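Okay, so here's the structure we're looking at.
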Amino acid sequence: MDLTLTEEQAMIAEVANQFAQEQLAPVAAQLDEEGDRELFLNNLKQLAELGFMGLNIEGQYGGTEAGSVAFSLAVTEIAKGCAATATTMSVTNMVGEVIQAVASDAQKKKYIPKICSGEYAAGGFCLTESTAGSDPSSMKTTALKEGDEWVLNGAKQFITSAEYAGVFVVWAVTDKSAARGKGISCFLVEAGTEGLVIAKPEKKMGQHASATSEVVFENCRIPGDSLMGELNQGFKIAIGELAGGRIGIGSLALGVGLAAMEYARDYITQRKQFGQVISDFQGVQWMMADAFTELEAARLLLMSAADKRAKGEAYSKEASMAKLFASEKANKACYTALQLMGGYGYIKEFPLERYARDVRLTSIYEGTSEIQRVIIARELLREIG
């Protein structure tokens, strides 16, 4: 297998790295502590102008057409600068991709260019509910047809970028009599629609700059042509897109883990104890070696899943493996890095405590580590069934 990046992929990774280190890393702590929305949105706009909000979108809609591998590389580099920004970028790309995959031509032409260009600061992915997280098939939000309109009622929880999303992809029950997961449809809802209520952002452990809010639908009326894809066939759309989203979150986790270990590596070559730099101690060297080895393995899993996706091959199992391994090992890497820095790693003056807070979420959203294990086991058993 040839793991060499194409010229385009290498260029995208390089541009993402440069933007992350020059534009994002210097303000990441400020965004984390102060939540400067104007600064955050300006960074998102610049990412759109670089083509990073439509990396796997066709050129006719304003996309970059760089593919899944380039997307993974870019998210990793952006996450090294600011995890909150990378989350918004990853989810927005996912929204654009689901619209491209199943929407009508008119819907694609209307919404995707606005996502890719940055006219919409972000896109919203409305699937999770308070009682339907790991099991989205048990959602309660409904969409009823009344004349030429659909009327949505219900609430979605933990929606990334809800405050500034221009359009939301929303799943709702359209046939209550159908078996679980069979009577769910997918809709496009524009920001500002009457009856669409965005709650205050949640106060989170990490990734503070990325707004996460409840989205409530109170007799929210949308046009009849807001249905995306086939009626009552929306659940399989969600399942398919979540697999792609897991490559994004795994890549994000990898970026944060690398940022933490790279910072700690620099530190241990300067900090002295017992008359010598810490990096001279074999125990410290082994901690560093193990962490970087595990992160490299995570990178290879992510590349494998992204490559399969790009080739149109089945990749659900590989995406779950990559997301599971990358998020778990990135969490471990951040704590290893913090340990290498000792008490300094625990102080806000240094970025380690932020990395540790930011990375924790990666083993939860887009499917918890436990759910990834369920998916992996199911696919393994299916292979011999």
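Only the coordinates and a few stated rules stand behind these numbers; no lab work does. Being a predicted model, the structure only gives us computed values, none of them experimental. Virtual Cβ from ideal backbone geometry, glycine too; neighbours counted across all protein chains shown.
Given axes a ≥ b ≥ c from the Cα gyration tensor, I'd like to know whether the stretch 253-297 is rounded (a/c under 1.5), prolate (a/b larger than b/c) or oblate.
oblate
Can you give the extra length, in nm with one decimal, that the chain gains between Ala10 and Thr193 once fully stretched, where that is 0.36 nm per residue apart less the Cα-Cα distance?
Numbers: separation 183, 0.36 × 183 = 65.88 nm, distance 4.09 nm.
So the chain would gain 61.8 nm between Ala10 and Thr193.
Which residues in the stretch 316-345 place their backbone N less than 20 Å from a point set 7 Å from the Cα of Asp280 along the Cα-to-Cβ direction?
340-342
Report, in whole Å, the centroid distance computed from the Cα atoms of the stretch 20-47 and the stretch 303-337.
26 Å
Does the chain classify as rounded, prolate or oblate by the C-alpha gyration tensor (a ≥ b ≥ c root eigenvalues; a/c under 1.5 gives rounded; else a/b over b/c gives prolate, otherwise oblate)?
The shape class here is prolate.
Which value, in debye to the nearest 20, gives the size of the charge dipole of the stretch 88-190 about its Cα centre, when Lys and Arg are +1 and Asp and Glu are -1 at the Cβ?
Roughly 200 debye, rounded to the nearest 20.
Using θ = phi - 60° and the Karplus form 6.51 cos²θ - 1.76 cosθ + 1.60, what ³J(HN,Hα) does each residue of the stretch 177-191 get, whole Hz, x for Gly and Pro?
So the Karplus estimates, Gly and Pro as x, are 7, 6, 4, 3, x, 9, x, 10, 10, 10, 10, 10, 10, 7, 4 Hz.
Through the Karplus equation 6.51 cos²θ - 1.76 cosθ + 1.60, θ set to phi - 60°, convert the phi angles of the stretch 283-299 into ³J(HN,Hα) values in whole Hz; use x for Gly and Pro.
x, 5, 4, 5, 4, 5, 4, 4, 5, 5, 5, 5, 5, 5, 4, 4, 4
Return a whole-number percent for the relative contact order of the chain, with Cα pairs under 8 Å and 6 or more residues apart as the contact set.
Numbers: 742 pairs, mean separation 59.4, N = 385.
For the chain, the relative contact order is 15 percent.
Which residues in the stretch 335-370 place their backbone N less than 17 Å from a point set 7 Å from the Cα of Lys204 along the Cα-to-Cβ direction?
Residues 353-369 fall inside that zone.
Classify the stretch 82-167 as rounded, prolate or oblate, taking a ≥ b ≥ c as the square roots of the eigenvalues of its Cα gyration tensor: rounded when a/c is under 1.5, otherwise prolate if a/b is larger than b/c and oblate if not. Before the final figure, lay out each step's value.
On the way: a/c = 2.04, a/b = 1.16, b/c = 1.77.
Oblate, because a/c is 1.5 or more while a/b does not exceed b/c.
Please give the FRET efficiency for Lys348 paired with Leu231, using the beta carbon to beta carbon distance and R0 = 51 Å, rounded to the nearest 0.05. Working shown, then result.
On the way: r = 51 Å, r/R0 = 1.00.
Once rounded, the FRET efficiency stands at 0.50.
For the modelled label position 7 Å from the Cα of Arg271 along Cα-to-Cβ, which residues of the stretch 324-338 have backbone nitrogen atoms closer than 12 Å?
336-338
Pulled fully out, how much extra length does the chain show between Glu38 and Glu119, if you take 0.36 nm times their separation in residues and subtract their Cα-Cα distance?
On the way: separation 81, 0.36 × 81 = 29.16 nm, distance 1.47 nm.
Contour length minus Cα-Cα distance gives 27.7 nm.
Averaged over every viewing direction, what's the projected area of the C-alpha convex hull for the stretch 7-122? Give it in nm², one decimal, please.
Over every viewing direction, the Cα hull of the stretch 7-122 projects on average to 6.4 nm².
Under 20 Å between C-alpha atoms is the cut-off here; go through the stretch 143-245 and count lysine pairs that meet it, provided they're at least eight residues apart or on different chains.
Pairs that pass both the separation and distance tests number 11.
What is the set of long-range amide H partners of Met228 at a cut-off below 5 Å, with H atoms built 1.01 Å from backbone N?
Here Cys186, Phe187, Leu188 satisfy the definition.
Can you give the net charge of the other residues whose Cβ lies under 13 Å from the Cβ of Ala297, counting K and R as +1 and D and E as -1?
-1
Give me a comma-separated list of calculated 3J(HN,Hα) values for the stretch 372-382, in order, Karplus coefficients 6.51, -1.76, 1.60 applied at θ = phi - 60°, integers in Hz, x for any Gly or Pro.
For the stretch 372-382, the Karplus curve yields 4, 5, 4, 5, 4, 5, 4, 5, 4, 5, 5 Hz.
Show which aspartates and glutamates lie in cross-link reach of Lys317 when reach means a straight Cα distance below 15 angstrom and same-chain residues fewer than eight apart are skipped.
Output for Lys317: Glu241, Asp307, Glu366, Glu370, Glu379, Glu383.
If you average 1/r across every pair of different Cα atoms in the stretch 125-235 and take the reciprocal, what Kirkwood value do you get, in Å?
Computed over the stretch 125-235, the radius equals 14.0 Å.
Less than 12 Å Cβ to Cβ from Glu8, Lys/Arg counted +1 and Asp/Glu -1: what total charge do the surrounding residues give?
Summing Lys and Arg as +1 and Asp and Glu as -1 gives -3.
About the Cα centre, and with charges only on the beta carbon of Lys, Arg (+1) and Asp, Glu (-1), how big is the dipole of the stretch 244-384? Nearest 20 debye, please.
With only Lys, Arg, Asp and Glu charged at Cβ, the dipole is about 240 debye.
At 222 nm, what value in deg cm²/dmol follows for the chain if DSSP H runs of at least 4 each add -39500 (n - 2.57) and the sum is divided by all its residues, to the nearest 500?
Only helices count here, giving -17500 deg cm²/dmol.
Would you kindly compute the Cα radius of gyration of the stretch 309-385 and its largest Cα-Cα separation (Dmax), both in Å?
Final numbers for Rg and Dmax: 16.4, 54 Å.
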